[in-house]
Amino acid sequence: MNSERFKYLREYIGYDNERLAKMLNIDVAEVEEYCSGRKPIPDTMADELEAFADWSSEVGDATVKRQLAKKYLGKEER
């Protein structure tokens, strides 16, 4: 993973550097090094971030769909 993809995923999930550092259990300085390209992103960390972004996308989509169904179709949330 390159720094551009790392930054894209950070923004996609809506995290700032501090929150991403907490999620990945690393220092904020390390996140900044990954974002700038000064330090290579370990494959395991890249995989974890990709998986989290996929998961958050699926959760967000399901939540939005339930809310829209309730609002526009009169369906109850289960």
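Taken together, the values in this text are just the output of simple stated rules run on the coordinates, not laboratory data. Here the structure is a predicted model, which means the values were calculated and not measured. For neighbour counting, all protein chains shown are included, and Cβ atoms are generated from backbone atoms with ideal geometry for every residue, glycine included.
On the basis of the beta-carbon distance and an R0 of 30 Å, Glu30 and Ser57 show a calculated FRET efficiency of 0.75.
Which net charge results when you count Lys and Arg as +1 and Asp and Glu as -1 among the other residues whose beta-carbon is under 15 Å from that of Pro42? Summing Lys and Arg as +1 and Asp and Glu as -1 gives -4.
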